[in-house]
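J.: Sending over a structure as structure tokens; questions will come in a sec.
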Amino acid sequence: MNEESKQAWNEGQQRANASYGAKRKRITIDPITRLEGHGKIDIFMDEKGDVEKAYFQVPELRGFEIFSLGRPAEDMPQITSRICGVCPTAHHMASTKALDMLYSVEPTSAAKKLRELIYSTFMLEDHALHVYILGGPDFIVGPDAPAALRNVLGVVDKVGEEVGLKVISMRRRLREFIAYLGGKVIHPVFGLPGGVAKGINPADLDGFKQLADDGVAFAEFTLQVFNDIVLKNEEYVKLITSDAFTHKTHYMGLVDENNHVNFYDGKVRVVDTDGKEIAKFSEVEYLDNIAEHVEPWSYVKFTYLKKVGWNGFTEGNDSGVCCVAPLARLNAADGLATPKAQAALEQYFGMLGKPVHHTLANHWARAIEMLYAAERIQQLINDPEITSQDIRTIPTATPKRGIGIVEAPRGTLFHHYETDEKGILNMVNLIVATQNNAARMAMSVENAAKGLIHGGNVDEGMLNKVEMAFRAYDPCHACATHALPGQMPLVARVWNKDGEVIHTLRRDSQVVGKV
């Protein structure tokens, strides 16, 4: 840490401590970094300098559920893709599937394959973003490295320019393929009720087959990078498997008829802390299985297993807390449907056991899913039906209710729409992956803080390890936060020259007073 950083750090600590008292300390990490959206962490320590409580707070919201009302349902694949620039394809696809049900229309076989093809491409590209740019720096550069180096530039400096160019090139080519089918990569115009808007020109097929082959090689390279940098580093393995980053909760993910992971379609399967199936449900049954809980200190709603109940931020089979995303998907499934990914999965469980309860193992699971997505692209692009132009069934039914579920990179995503007879929305419910992980994420942050901070000894590297507890989930808080009536209070704190908070002002002009 340079002198300027040390001074900023000390000043921040003085301000935080002044607001919590002379004997008890408060540490605030604001903003937290390398995630989509905004958030902060408040850590409260006792007189001995041990952590009493830590809060993972999300101070932003999106009002998509509210301002979508009164609009035509067929606009939703475009509206909801605007929720987030990182995972627009996930919302686009969940929304498209919801429209299939809303209009009681079955997509053609070719349309389903094209949807899964573009979606698998998105999963590979998005996972690569996290592995190399968001989460990867903590391992590639190191969790205790200076903050100025824990980023993509530090990664390139560590692994070399050639590897950096390989990552950039592959992500660009994958995104260009998404744009080929969807018109544009950030806000695709692709899914329609009953099908898709565009197919593949047979003349372009050879290039896409080469891309698929290169994608498999890239995913295998990524797994090798993880093996060389992380798994061969004893200290990293100890960190991953430490109590500070371990929770035993339920796990949830989409599976096919063979209980294999499927990103695009299937039923939602839930297993307990021992890996035993306790629920398996379709789209129309999601409200019988998933409920939402609120806390006054965050705008994220905390989902839980309805049949188990909300029993607080606790672990075990009596807790309704459930985990989604790569770690959970692999735990909830019986395997992967592609050979190379399945072999990698067997190595993963062989080392860590099943189910895996180590939060930081999400990074390994994410790399395995990259290989599954790449192999699935390869299978689909070589399917004889993939260039068929029979890509849509025109809907004729009167709309009423539609529910779509996909596996976003960050976990299980639910879209639920209800309309009048003209297809105008009168109810919208979105349960996104980061909501499904919100309770476990809050537990992970507190668990890491309690496991790492003792005696008041805190440094920048230690706080970065606390951030690693949420970063492993690859959260997207822009997607996860929404509230009625859709207004976020703006909070401004007034400090005096001694670093004391003397007033807290809110958007509604309420003066909270001296802290």
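J.: Which of the residues that make up the stretch 29-56 are crowded, with 22+ Cβ neighbours inside 10 Å, assigned to a strand (DSSP E or B) and within 16 Å of the chain's Cα centre (by Cα)?
T.: F56
J.: What's the number of the only condition in (1) crowded, with 22+ Cβ neighbours inside 10 Å; (2) in contact with a Pro (Cβ under 9 Å, 6 or more places away or on another chain); (3) of a type outside the set (D, E) that T387 fails to meet?
T.: For T387, the exception is condition (1).
J.: Out of L223, L129, L124, I need the residue that is under 23 Å from the mean Cα position of the chain (by Cα), crowded, with 18+ Cβ neighbours inside 10 Å, modelled with pLDDT under 95 and hydrophobic (A, V, I, L, M, F, W, C). Which one?
T.: Of the residues listed, the single one that is under 23 Å from the mean Cα position of the chain (by Cα), crowded, with 18+ Cβ neighbours inside 10 Å, modelled with pLDDT under 95 and hydrophobic (A, V, I, L, M, F, W, C) is L129.
J.: Still on this model: Mind listing whichever residues of the stretch 402-434 are in contact with an Asp or Glu (Cβ under 9 Å, 6 or more places away or on another chain), assigned to a loop (DSSP other than H, G, I, E, B) and surrounded by fewer than 24 Cβ atoms within 10 Å (Cβ to Cβ)?
T.: Of everything in the stretch 402-434, just one residue is in contact with an Asp or Glu (Cβ under 9 Å, 6 or more places away or on another chain), assigned to a loop (DSSP other than H, G, I, E, B) and surrounded by fewer than 24 Cβ atoms within 10 Å (Cβ to Cβ), namely G423.
J.: Filter the stretch 133-158 for residues that are β-branched (V, I, T) and either out of contact with any Leu (no Cβ under 8 Å at 6 or more places or on another chain) or modelled with pLDDT under 90 (or both) and give the result.
T.: Of everything in the stretch 133-158, those that are β-branched (V, I, T) and either out of contact with any Leu (no Cβ under 8 Å at 6 or more places or on another chain) or modelled with pLDDT under 90 (or both) turn out to be I133, I140, V152, V155, V156.
J.: Would you call T434 at pLDDT below 95 and either small (G, A, S) or under 30 Å from the mean Cα position of the chain (by Cα) (or both)?
T.: Answer is yes for this residue.
J.: Does any residue in the stretch 280-302 that is within 14 Å of M101 (Cβ to Cβ) come within less than 7 Å, Cβ to Cβ, of a residue that is outside any strand (DSSP E or B) six or more places away or on a different chain, and which pairs are these?
T.: Note: pairs meeting the criteria are E283/M101.
J.: Something else: Which of (1) free of Cβ contacts under 8 Å to residues at least 40 places away in the same chain; (2) crowded, with 22+ Cβ neighbours inside 10 Å does V261 not meet, given it meets every other one?
T.: Going through (1) free of Cβ contacts under 8 Å to residues at least 40 places away in the same chain; (2) crowded, with 22+ Cβ neighbours inside 10 Å one by one, V261 breaks only (1).
J.: Please verify whether V300 is crowded, with 22+ Cβ neighbours inside 10 Å and at pLDDT below 95, treating the condition exactly as stated.
T.: yes
J.: Let me ask another. Filter the stretch 31-48 down to residues that are touching a helix residue (DSSP H, G or I) at 6+ places or on another chain (Cβ under 8 Å) and either within 15 Å of A448 (Cα to Cα) or of a type in the set (V, I, T) (or both), then give me how many there are.
T.: Here is the first cut: in the stretch 31-48, the ones touching a helix residue (DSSP H, G or I) at 6+ places or on another chain (Cβ under 8 Å) are 32-39, 41, 43.
Now narrow it down to the ones that are either within 15 Å of A448 (Cα to Cα) or of a type in the set (V, I, T) (or both): 32-33, 41, 43.
Here the count works out to 4.
J.: Further, regarding this structure: Kindly indicate which of A397, A442, A373, A367 is aliphatic (A, V, I, L, M) and surrounded by fewer than 23 Cβ atoms within 10 Å (Cβ to Cβ).
T.: One residue alone meets the criteria, A397.
J.: Would a scan of the stretch 232-251 turn up a residue that is touching a helix residue (DSSP H, G or I) at 6+ places or on another chain (Cβ under 6 Å), surrounded by 15 or more Cβ atoms within 10 Å (Cβ to Cβ), under 21 Å from E125 (Cβ atoms) and in contact (Cβ under 8 Å) with a residue 40 or more places away in the chain?
T.: Taking every residue of the stretch 232-251 in turn, none turns out to be touching a helix residue (DSSP H, G or I) at 6+ places or on another chain (Cβ under 6 Å), surrounded by 15 or more Cβ atoms within 10 Å (Cβ to Cβ), under 21 Å from E125 (Cβ atoms) and in contact (Cβ under 8 Å) with a residue 40 or more places away in the chain.
J.: Checking F226 against (1) assigned to a helix (DSSP H, G or I); (2) of a type outside the set (S, T, Y); (3) at positive phi, which test does it fail?
T.: (3)
J.: Within the stretch 315-334, work out how many residues are surrounded by fewer than 19 Cβ atoms within 10 Å (Cβ to Cβ) and either touching a Ser or Thr at 6+ places or on another chain (Cβ under 9 Å) or on the phi > 0 side of the Ramachandran plot (or both).
T.: 3
J.: May I pose another question? What single numbered condition from (1) buried (at least 18 other Cβ atoms within 10 Å of the Cβ); (2) under 30 Å from T108 (Cα atoms) fails to hold for N437?
T.: (2)
J.: Please specify each residue of the stretch 133-184 satisfying the condition of being touching a residue at least 60 places away in the same chain (Cβ under 8 Å), assigned to a helix (DSSP H, G or I) and not hydrophobic (A, V, I, L, M, F, W, C).
T.: Passing the criteria: P137, D138, G182.
J.: Looking only at the stretch 96-117, decide whether some residue is over 29 Å from L327 (Cα atoms), part of a helix (DSSP H, G or I) and not hydrophobic (A, V, I, L, M, F, W, C).
T.: Within the stretch 96-117 (the criterion being over 29 Å from L327 (Cα atoms), part of a helix (DSSP H, G or I) and not hydrophobic (A, V, I, L, M, F, W, C)), the answer is yes, since at least one residue qualifies.
J.: Ok, one more. Please enumerate the residues belonging to the stretch 186-209 that are surrounded by fewer than 20 Cβ atoms within 10 Å (Cβ to Cβ) and either under 25 Å from the mean Cα position of the chain (by Cα) or part of a loop (DSSP other than H, G, I, E, B) (or both).
T.: The answer is I186, H187, V189, A197, K198, G199, N201.
J.: Another question about this same structure. Do you know which residues across the stretch 57-82 are assigned to a strand (DSSP E or B) and either modelled with pLDDT under 90 or in contact with a His (Cβ under 6 Å, 6 or more places away or on another chain) (or both)?
T.: Selection gives Q57 alone.
J.: Is it the case that some residue within the stretch 66-76 is charged (D, E, K, R) and without any contact (Cβ under 8 Å) to a residue 40 or more places away in the chain?
T.: yes
The values are calculated or read from the model by the stated rules, or taken from the named source; none is laboratory data. Model, not experiment: these values are computed from the prediction. Glycine also receives a Cβ, built like all others from the backbone with ideal geometry; neighbour counts cover every protein chain displayed.
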